[in-house]
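Scroll down for the structure; my scribbles are underneath it.
The values are calculated or read from the model by the stated rules, or taken from the named source; none is laboratory data. The structure presented is a predicted model; accordingly, all values stated were derived computationally and were not measured. Here Cβ is always computed from backbone atoms with ideal geometry, including for glycine, and neighbour counts include all displayed protein chains. Only protein heavy atoms, including side chains, enter the accessible area calculation; ligands, DNA and RNA are left aside. Shrake-Rupley method; radii C 1.70, N 1.55, O 1.52, S 1.80 Å.
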Amino acid sequence: MSESKRVLLAAPRGYCAGVDRAVVAVEKALELYGPPVYVRKEIVHNKHVVTTLEKRGAIFVDETQEVPEGATVVFSAHGVAPVVHEEAKQLSLKTIDATCPLVTKVHREAVRFAKDDYDILLIGHEGHEEVIGTSGEAPEHITLVDGPDDVANVEVRDPDKVVWLSQTTLSVDETMETVRRLREKFPALQDPPSDDICYATQNRQLAVKQMAADCDLMIVVGSRNSSNSVRLVEVALEHGTKDGHLVDYADEIDPTWLDGVRTVGVTSGASVPEILVRGVLDYLASQGFDDVTAITAAEESLLFALPMELRKDLKAAGMSDKMKHDASSLEDAGQLH
């Protein structure tokens, strides 16, 4: 019996609370102070979000020194090392710190364990902005462990005084495998006081795991420099999806991917506005995949307040500091690029 073509749509998907807060922070800063507002690094790892904010007057820079003296700068959701705050102070910059509160929590853990003279094993990807920021809190105490295969290279001063922390956007399964190998090597290894991998990363991976075995193809909407989006493709393939691809926009889908496919899974990384997912669903519908079923793995209701320094200025100007964002505020850039 031939079954019809269908789409399994993951829930939750897309924006997490930290991304939402960071994007709205830039939007509100532009509204309140007027353009240009400088942003150090990509506010979140999504091409569409960055280009849309650029059109509104945000200027993205790689280094603090590129920001003119006295200007307003927003720090990205991935967090920055203390030295960056110092650089900003020297340039008399007005700073808005849009670091995700869940990343800030990992920074605080690093500071605390360094103060107690622990060796901190930070599980994460070398060169990722979040890892650079966290490592900068206690560089002399932190050793990066880039996945299970890196464990063999790890050396510590005192195997009885070791703790692990992690980047918030990793694969849950791979991180636990890394921890397992670290614990074989250092039996006294301590866990972080609470889970470092963020709720949104875990929930998005959980939804994909629930769908994966039923999908011939998984399309993950997200940018290539988005760690959590890249992980979703890997998780899908590990859990039984035959083929998986990461796309920024619907027009990147190769029609040959759909050859012989009955069931397509669709999800999106934590920095992806919903309009991009709708573009993918519209494209799939045009190819006969118009039967869409939602697969819900968890409910999310977390909202973070805007950065304190921005809230203060908004209140003083009589403007709302409420988070009232959804993907539609990024719609003016349209579905195509």
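Values for this structure:
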{"item": "So Ser194, is it assigned to a helix (DSSP H, G or I) and out of contact with any helix residue (DSSP H, G or I) (no Cβ under 7 Å at 6 or more places or on another chain)", "result": "no"}
{"item": "Region 141-157, subset of a type outside the set (Val, Ile, Thr) and assigned to a loop (DSSP other than H, G, I, E, B), residue farthest from Glu130 (Cα to Cα)", "result": "Arg157"}
{"item": "Some residue of region 90-103 being more than 20 Å from the chain's Cα centre (by Cα), of a type in the set (A, V, I, L, M) and either under 23 Å from Glu140 (Cα atoms) or at pLDDT 95 or above (or both)", "result": "yes"}
{"item": "When residues of region 217-235 are limited to those that are among the charged types (D, E, K, R) and either open to solvent by 30 Å² or more (accessible area, probe 1.4 Å) or modelled with pLDDT under 95 (or both), the one nearest to Asp251 (Cα to Cα)", "result": "Arg224"}
{"item": "Boolean, Asp158 is open to solvent by less than 50 Å² (accessible area, probe 1.4 Å), at pLDDT 95 or above and among the acidic types (Asp, Glu)", "result": "no"}
{"item": "Strands (runs of 3 or more DSSP E) completely within region 30-92 that count 3 or more residues being without any contact (Cβ under 8 Å) to a residue 60 or more places away in the chain and surrounded by fewer than 21 Cβ atoms within 10 Å (Cβ to Cβ)", "result": "58-61"}
{"item": "Checklist (1) in contact with a helix residue (DSSP H, G or I) (Cβ under 9 Å, 6 or more places away or on another chain); (2) touching a residue at least 24 places away in the same chain (Cβ under 8 Å); (3) surrounded by fewer than 17 Cβ atoms within 10 Å (Cβ to Cβ) applied to Glu309, failing item", "result": "(1)"}
{"item": "Test: residue in region 112-131 that is under 20 Å from the mean Cα position of the chain (by Cα), of a type in the set (A, V, I, L, M, F, W, C) and outside any helix (DSSP H, G or I)", "result": "yes"}
{"item": "Region 93-104: number of residues that are crowded, with 19+ Cβ neighbours inside 10 Å and in a helix (DSSP H, G or I)", "result": "2"}
{"item": "Residue within region 171-179 that is within 30 Å of Leu8 (Cα to Cα), without any contact (Cβ under 8 Å) to a residue 12 or more places away in the chain and part of a loop (DSSP other than H, G, I, E, B) present", "result": "no"}
{"item": "Matching residues in region 217-238 - criterion: being in contact (Cβ under 8 Å) with a residue 40 or more places away in the chain and among the hydrophobic types (A, V, I, L, M, F, W, C)", "result": "Leu217, Met218, Ile219, Val220, Val221, Val235"}
{"item": "Pairs with Cβ under 7 Å, 6+ apart, first in region 273-292 and outside any helix (DSSP H, G or I) and surrounded by 14 or more Cβ atoms within 10 Å (Cβ to Cβ), second hydrophobic (A, V, I, L, M, F, W, C) and at pLDDT below 95", "result": "Pro273/Ala327; Pro273/Leu330"}
{"item": "Criterion: buried (at least 20 other Cβ atoms within 10 Å of the Cβ) and under 21 Å from Glu234 (Cα atoms) - qualifying residue of Thr263, Thr296", "result": "Thr263"}
{"item": "Search result, residues across region 239-265 that are assigned to a loop (DSSP other than H, G, I, E, B) and free of Cβ contacts under 8 Å to residues at least 40 places away in the same chain", "result": "His239, Gly240, Thr241, Lys242, Ile253, Asp254, Asp259"}
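Rundown of residues vs (1) of a type in the set (Asp, Glu); (2) within 17 Å of Val19 (Cβ to Cβ); (3) assigned to a loop (DSSP other than H, G, I, E, B), yes/no style:
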residue: Arg183; (1), (2), (3): no, no, no
residue: Pro187; (1), (2), (3): no, no, yes
residue: Gln202; (1), (2), (3): no, yes, no
residue: Met218; (1), (2), (3): no, no, no
